[in-house]
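Below: the structure, in structure tokens.
Quick note: the coordinates plus some simple rules give every number you see, no bench work behind them. Owing to the predicted nature of the structure, the values given are computational and were not obtained by experimental measurement. Methodologically, a virtual Cβ is constructed for each residue, glycine included, from the backbone with ideal geometry; neighbour enumeration extends over all protein chains shown.
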Amino acid sequence: MASFQENGNIHDFQEFVKEVYFLPNDRDYELSEMLNNIQRHAMRCIKGIRQGNAEKTKVNALISLSWFSSTMSRLHIDVEDAVWQRFPYLCSYCGKAPCECKKNAVQGRKKVIIDESKRPKTMREFQEMFNKIYPASARTLEIAGLHLAEELGELSEAVWTFRGERRYCDLEIAVKEAADYYSTVMSVFNSLNVDVAGELSKLFFNNCHVCHKAPCECPYRFVRRFK
Ligand SMILES: [Zn+2]
Ligand SMILES: [Zn+2]
């Protein structure tokens with residue numbers, strides 16, 4: 001039986017998703033369909049924000065995050081490393097925690113020095129880190145949703161630029177955009193005051209959250225229509 005524990009780290013979650021979904025994804029899904037599933041559920045999450053439906057927002061953000069992990073595994077990108085390199089307990093743009101981008105109208109991205117001793121050990125600690133860099137009190141849930149949509153677009157664009165020409169310098173940009181997507185999903189959860197690791201451990205306590213098999217046996221036609 002495969003499960004995700006609430007004290008696990010981002011790497012553990014990616015490995016869990018790989019164990020449950022790598023085989024059906026590899027057989028049945030094009031990369032474009034995987035990207036589409038990240039977006040489909042993120043858009044439902046955003047619809048939940050507009051409707052004031054916290055449960056719909058939460059569940060769809062969790063499923064979007066699961067498809068994101070699968071897509072990163074397809075591209076052989078380690079999510080936790082990507083996130084840490086981009087957000088080493090500092091804003092990736094102004095290099096401060098809390099972020100001062102808005103206050104100081106920062107011109108150009110600052111070069112940051114990574115202090116490995118600050119690296120969070122669990123997914124929960126990473127979420128707390130994002131709340132220190134980008135405090136929920138500094139934005140509304142609606143703005144967090146808008147930012148998620150923006151980063152999804154940039155992730156898609158970066159992946160397609162890489163796939164268009166198969167240049168590894170473009171893949172590096174996709175790795176950075178992947179970290180930005182992760183950051184904005186965490187902002188949505190922080191604005192909702194939801195503990196992601198705890199929710200993932202409840203959803204994924206026994207293999208696939210729908211069929212409870214590992215590898216997942218949910219039929220393609222069912223997943224396509226899954227809401
Ligand atoms: Zn900043
Ligand atoms: Zn399943």
- prompt: Given the rule -39500 (n - 2.57) for each run of at least 4 DSSP H residues, summed and divided by the residues of the chain, what is its mean residue ellipticity at 222 nm, to the nearest 500 deg cm²/dmol?
  reply: -21500 deg cm²/dmol
- prompt: On full extension of the chain, what length is gained from Val194 through Val210, given 0.36 nm per residue of separation minus the C-alpha to C-alpha distance?
  reply: 3.6 nm
field: For the chain, Kirkwood radius (reciprocal of mean inverse C-alpha pair distance, Å)
entry: 17.8
task: Two decimals is fine: what's Rg over Rh for the stretch 140-194, C-alpha atoms, Kirkwood radius as Rh?
output: 1.11
- prompt: Can you work out the base-10 log of I(q)/I(0) for the stretch 103-157 at q = 0.23 1/Å, using the Debye formula on its C-alpha atoms alone?
  reply: -1.22
- request: Beta carbons within 10 angstrom, averaged per residue: use that to sort the peptides 8-16, 175-183, 28-36, highest first.
  value: 175-183, 8-16, 28-36
query: Using the alpha-carbon centroid of each, what span in Å lies between the stretch 92-122 and the stretch 153-176?
result: 23
query: From the phi of every residue in the stretch 28-33, what ³J(HN,Hα) in whole Hz does the Karplus formula 6.51 cos²θ - 1.76 cosθ + 1.60 yield, where θ is phi - 60° and glycine or proline is x?
result: 9, 10, 6, 4, 4, 5
